[in-house]
Amino acid sequence: MFGINAGEGLVLLVLVLLPLAVIVGAVVAIVRLRARVQHLERQRPVGAGDLEALRADIGQALRHVAVVRYDAFGDMGGRLSFSAAIVDDRGDGVVLSSIHARGESRTYAKGITEGGSDATLTPEEQQALSAARTGKQR
């Protein structure tokens with residue numbers, strides 16, 4: 001009809017349909033990407049105020065932790081006693097200590113405000129608190 005044989009018709013068909021398929025695939029990918037971007041934009045904080053609120057929340061999270069293990073008594077081994085400091089960015093939190101003896105174990109909790117405590121801290125508790133605040137364990 002147009003003067004082409006079946007082989008030439010097949011080549012012509014491939015040359016027309018292949019770029020068309022690539023274009024359709026690209027359009028579908030762009031539509032999906034745009035929908036994903038819109039979804040992510042709906043989930044992100046709206047403005048700087050939200051970002052500051054998130055930073056304030058993170059700052060109050062008890063995320064600085066350090067543990068010091070030790071032998072509380074000379075006749076005990078294995079470093080079964082410990083002091084653990086858990087504080088936020090401002091240094092507010094708690095120090096937990098567990099003193100292990102042969103016949104018993106005692107646990108103590110001391111509140112921490114701005115890096116200090118109303119209660120006297122033992123050297124091990126001070127070491128744990130310092131390590132939690134600086135991020136450096138000895």
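The values are calculated or read from the model by the stated rules, or taken from the named source; none is laboratory data. Quantities reported herein were computed from a predicted structural model and do not represent experimental measurements. Every residue, glycine among them, receives a Cβ derived from its backbone with ideal geometry; neighbour counts consider all protein chains shown.
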Only residues that are of a type in the set (Gly, Ala, Ser) and part of a loop (DSSP other than H, G, I, E, B): list them for the stretch 69-110, please. ALA72, GLY74, GLY77, GLY78, GLY91, ALA101, GLY103
May I ask you to verify whether GLU41 is charged (D, E, K, R) and surrounded by fewer than 17 Cβ atoms within 10 Å (Cβ to Cβ)? yes
Considering residues of the stretch 62-109 that are aliphatic (A, V, I, L, M), at pLDDT below 90 and farther than 13 Å from ALA132 by Cα only, the residue surrounded by the most Cβ atoms within 10 Å (Cβ to Cβ): ALA72
Please state which one of ILE23, ILE112, ILE58 is of a type in the set (Val, Ile, Thr), at pLDDT below 90 and under 28 Å from LYS136 (Cβ atoms). ILE58
